[in-house]
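Read the figures in this text as sums done on the coordinates, not as results from a lab. The structure displayed is predicted, hence computed values, not measured ones. Cβ placement follows ideal geometry from the backbone for every residue including glycine, while neighbour counts extend to all protein chains displayed.
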Amino acid sequence: MGVHDGHRKRLKAEFLARPETFPDHKLLELLLFYVNPRGDVNPTAHELLDRFGSLAGVMDATPEALTNCPGVGEHAVSLLRVVKELGRRYDAQRANAEDVVGSARDASYIFRPHFYGARSEMVFLLCMDGKGKVLGCPKVGEGNVNAAEIATRQIVEKALNHNAAQVILAHNHVSGLALPSGEDRATTLYLREILRQVGVVLVDHMIFVDDDMVSMRESGYLQE
């Protein structure tokens, strides 16, 4: 039996008994057990939190930044990224299971997990039937909504492939404010008209920055 085995057993029991109140440094320490089965990883957990400021900061850190932290190697980085991706997919799939989307707030629960920790701008299209039931939320491109990579044809094809009656477009800004530019507004109105021609309603275009979100519809940008 290793010198740290008793501590690890107690820590696991504490987590299983009270996961919601388990401190961040202990949660990170518990995770690191699986990449360092014998050593003391408590100092590494504290160093990660001190260096990156929070558990979210640790999960969003680049592999290069993580490996600069003493005690963090390739296996630890891989495990952290797996855990982050599992959490993102869990949130997205739980949100997609909701019966209907009736507001920008409802839609934000579906979109937000896709933008967690994003370092580039991405665009997603929430496809719904006529009653607002979610049919899918495919990614339609990288870059801002006006970039060449965001082809109108691709957006139309995704909507039609999902048999959508209505859609909501969303993209993120990696910095700045969640406010639509003049180009954002012009592009959105153009897309709305193109989608209308194939029988699909563009309900809204939402912009995300960190914890902030702006709905172009609720802000009055999509009025006829």
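Of note:
- Taking other C-beta atoms within 10 angstrom as a stand-in for reagent exposure, Arg51, Arg196 fall in the order Arg196, Arg51, fewest first.
- The helix-only estimate of mean residue ellipticity at 222 nm for the chain, built from DSSP H runs of length n ≥ 4 each weighted as -39500 (n - 2.57), is -14500 deg cm²/dmol after division by the residue total.
- Candidates Arg119, Arg38, Arg88: whichever shows maximal mean-square fluctuation once the chain is modelled as a Gaussian network with Cα springs under 10 Å: Arg38
- Spatial separation of Cα centroids for the range 50-85 and the range 99-141, in angstrom: 27
- When the Cα gyration tensor is reduced to axis lengths a ≥ b ≥ c, the ratio a/c is 1.5 or higher for the range 5-91, and with a/b not above b/c it is classed as oblate.
- Within a Gaussian network of the chain (alpha carbon springs, distance under 10 Å), most fluctuating of Glu20, Glu74, Glu121: Glu20
- Its relative contact order, with pairs defined as Cα atoms under 8 Å and 6+ residues apart, puts the range 1-138 at 15 percent.
- Separation of the Arg89 and Ala118 label points, Cα + 7 Å toward Cβ, nm: 2.0
- Computed Rg/Rh of the range 99-215, alpha carbon atoms with Kirkwood Rh: 0.93
- Only Cα pairs under 8 Å and 6+ residues apart enter the sum, and on that basis the relative contact order of the range 99-215 stands at 26 percent.
- Counted residue by residue at 0.36 nm each, then reduced by the alpha carbon distance between them, the extension gain from Val209 to Ser103 reaches 36.3 nm.
- From least to most packed, judged by other beta carbons within 10 angstrom and beginning with the fewest, Met122, Met128 follow the order Met122, Met128.
- Between Asn163 and Phe15, the modelled label-to-label distance comes to 4.3 nm, taking each label 7 Å out from Cα in the direction of the beta carbon.
- Using a Förster distance of 41 Å, the FRET efficiency for Glu74-Glu183 (Cβ separation, nearest 0.05): 0.50
- Applying Stokes-Einstein at 25 °C and 0.890 mPa s to the Kirkwood radius of the range 179-218, computed over alpha-carbon pairs, gives a translational diffusion coefficient of 226 µm² s⁻¹.
- Ratio Rg/Rh [Cα only; Rh per Kirkwood] for the chain: 1.09
- Spatially proximal aspartates and glutamates relative to Lys12 (Cα-Cα < 17 Å; intrachain offsets below 8 disregarded): Glu20, Asp24, Glu29, Asp40
- Reach of Lys9 by Cα under 20 Å, taken over lysines that are not fewer than 8 positions away in the same chain: Lys26
- Global form of the range 1-41, assessed from the alpha-carbon gyration tensor, a/c cut-off 1.5: oblate
- Cβ charges +1 (Lys, Arg) and -1 (Asp, Glu), total dipole of the chain, debye: 620
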